[in-house]
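Visitor: Before I ask anything, here is the structure I am working with.
The values are calculated or read from the model by the stated rules, or taken from the named source; none is laboratory data. Keep in mind that what you see is a predicted model, and the values were worked out from it rather than measured. Here Cβ is always computed from backbone atoms with ideal geometry, including for glycine, and neighbour counts include all displayed protein chains.
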Amino acid sequence: MLNIKELTIEKAAEMIKKGELTSVDLVSACLKNIEENNKELNIFLEVFSDAIEQAKKSDEMIKDGKGTKLTGIPIAIKDNILIMGRKVSSGSKMLENYTASYDAFVIKKLKEAGAVLIGRTNMDEFAMGSSTENSAYGPVKNPIDPSRVPGGSSGGSAAAVASGMALGALGSDTGGSIRQPASFCGLVGMKPTYGVISRSGLTAMSSSLDQIGPFAKTSQDAELIFNCIVGKDEMDSTSIDLNSFPYPRDKGSSLIPGIGEEKGKVIGVPRDFLKEGVDKEVLKSFEESLEKLKSKGYKIKDVNMPLLKYSLPVYYIIMPAEVSTNLSRLDGVRYGLRKEVGNIFDDYKKSRSIGFGSETKRRIILGTYVLSHGYYDAYYNKAWEVRRAIIKEYESVFKEVDFVITPTSPTTAFKFGDKKDPLQMYLEDIFTVSANIAGIPAISIPFGKSSVLLPIGIQFIGPSFSDQSLFAIEKDLRDNK
Ligand code: GLN
């Protein structure tokens with residue numbers, strides 16, 4: 001019997017290649033896990049009824065010698081990524097009946113590779129949250145301990161891989177929504193450099209911060225997905241070709257990171273930033289990861305990053321500002337749920353008040369406020385000034401070190417209802433948001449467990465375009481899981 005919970009994409013691809021496994025077997029095993037556990041865990045909002053059909057086509061592709069390592073591999077898709085002809089609700093009642101009229105760039109790429117799209121996964125409404133408790137369709141339960149959250153906002157995608165319902169998944173990360181659920185579910189989760197993966201077909205939350213990225217059990221698997229979906233896309237004006245910016249750059253320049261050291265082996269620890277509010281067990285694993293890295297020949301160096309502490313306040317100004325503008329089209333007239341009351345103004349009000357959940361409303365109000373006349377300079381412009389300073393701080397740190405390391409999240413997976421105060425929930429993002437603010441890549445890698453066996457994630461942040469180097473680190477940390 002196939003144990004999907006343990007099976008990697010690499011292994012499955014090898015078995016398929018040798019003829020020991022078909023895509024139909026693989027997809028059937030995932031569907032069985034879905035059938036047995038989805039009701040309780042609430043991971044998939046929809047399981048695609050043609051999954052077996054897709055698998056049969058993939059098996060044909062393999063027979064014809066046209067397969068890649070992703071051909072026939074079941075991948076779960078976050079419910080904010082468009083798949084032509086299918087519903088895509090972004091975890092919201094507002095878009096409950098919205099059907100995508102085109103494929104997202106990343107979906108086109110997965111389809112071309114012959115991956116099997118198995119279903120769309122539950123998420124915090126419009127990707128706002130850290131627990132999936134903000135989904136209009138009820139929260140996702142963490143498969144490792146169903147009394148706890150899987151993280152968010154891509155909690156469904158993380159839980160799908162952790163529970164053996166898919167071998168990999170796509171999520172979106174605006175402030176940590178791939179990395180934090182990956183850390184809560186014991187997976188690798190990666191947020192790419194801003195622009196290297198097209199946002200065309202991703203329901204926009206905060207356009208200057210959003211990126212699509214992979215979830216998988218290992219970084220090799222995550223890299224396979226990444227390599228499939230990366231690429232320049234003319235439909236996204238911020239899209240960049242990763243290959244035009246090879247990393248490491250400027251070989252021989254005095255500005256290269258870790259000069260005098262082996263490339264990719266100098267890791268910076270922003271000590272001052274890690275002092276408060278972090279679980280003891282998370283810190284313990286973090287320190288152990290540093291020891292492990294040292295034993296593997298890495299040099300660990302403290303770095304001074306006094307601006308990092310402003311990342312969270314900057315994020316919670318820029319993000320809601322962009323949310324308020326992006327979601328303004330969801331008014332029941334142009335898009336979304338429509339409730340007619342009698343006049344256009346009341347129609348808008350009613351449609352939006354029933355369509356959106358409370359966290360979404362909170363952010364629309366906050367975003368509208370920081371953009372309003374008289375406050376724009378004080379909040380929004382100020383936040384952008386600080387954002388630019390944070391970018392500069394990272395640039396100068398990456399002249400000294402190759403990567404910056406932090407815990408992914410200050411906590412392990414918490415219980416449902418534990419974080420009632422929104423500010424407490426926002427603190428979950430303390431370590432993850434700076435990578436989005438700076439547009440640089442970051443990965444969460446599982447390392448160690450808490451005393452109650454909850455996974456702990458360690459985050460590595462790299463300079464722009466170091467995406468591929470980030471995947472390489474996991475191998476060095478792996479044998480201590
Ligand atoms: N938890 C963060 C928030 O609530 C991150 C969301 C995300 O990355 N989509 O905004």
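Visitor: When residues of segment 94-139 are filtered for being under 23 Å from Ser183 (Cβ atoms), touching a helix residue (DSSP H, G or I) at 6+ places or on another chain (Cβ under 9 Å) and either at pLDDT below 95 or assigned to a loop (DSSP other than H, G, I, E, B) (or both), how many remain?
Guide: 12
Visitor: Quick one: count up the residues across segment 1-58 that are of a type in the set (Ser, Thr, Tyr) and either free of Cβ contacts under 8 Å to residues at least 60 places away in the same chain or on the phi > 0 side of the Ramachandran plot (or both).
Guide: 4
Visitor: Looking at Ser90, Ser101, can you tell me which residue is among the hydroxyl-bearing types (Ser, Thr, Tyr), over 28 Å from Gly19 (Cβ atoms) and crowded, with 24+ Cβ neighbours inside 10 Å?
Guide: Answer to the selection: Ser90.
Visitor: Something else now. Could you please let me know if Pro313 is within 21 Å of Ile390 (Cα to Cα), within 16 Å of the ligand (Cβ to nearest atom) and surrounded by fewer than 18 Cβ atoms within 10 Å (Cβ to Cβ)?
Guide: yes
Visitor: May I pose another question? Can you report the number of residues in segment 153-175 which are within 14 Å of the ligand (Cβ to nearest atom) and either touching a Lys or Arg at 6+ places or on another chain (Cβ under 8 Å) or among the polar types (S, T, N, Q) (or both)?
Guide: Selection size over segment 153-175: 9.
Visitor: Out of segment 184-234, which residues are among the aliphatic types (A, V, I, L, M), under 28 Å from Asn142 (Cα atoms) and more than 16 Å from the ligand (Cβ to nearest atom)?
Guide: The answer is Val188, Ala216, Ala222, Leu224, Ile225, Ile229.
Visitor: Condition test on Gly138, is it within 10 Å of the ligand (Cβ to nearest atom) and at positive phi?
Guide: No; evaluated as a whole, the condition is false for this residue.
Visitor: Is there any pair with a first residue in segment 353-371 that is within 14 Å of Ala321 (Cβ to Cβ) and among the charged types (D, E, K, R) and a second that is assigned to a helix (DSSP H, G or I) and within 16 Å of the ligand (Cβ to nearest atom) whose Cβ atoms are under 8 Å apart and which are 6 or more apart or on different chains, and what are they?
Guide: Listed by first residue and then by second, the contacts come to Arg362/Pro422; Arg363/Met319; Arg363/Pro320; Arg363/Val323; Arg363/Ser324.
Visitor: So, in segment 413-446, how many residues would count as being away from the ligand (no atom under 16 Å from the Cβ) and buried (at least 24 other Cβ atoms within 10 Å of the Cβ)?
Guide: Matching residues across segment 413-446 total 2.
Visitor: Taking Gly91 and the conditions (1) at pLDDT 95 or above; (2) on the phi < 0 side of the Ramachandran plot, which numbered condition does it fall short on, given that it satisfies the others?
Guide: (2)
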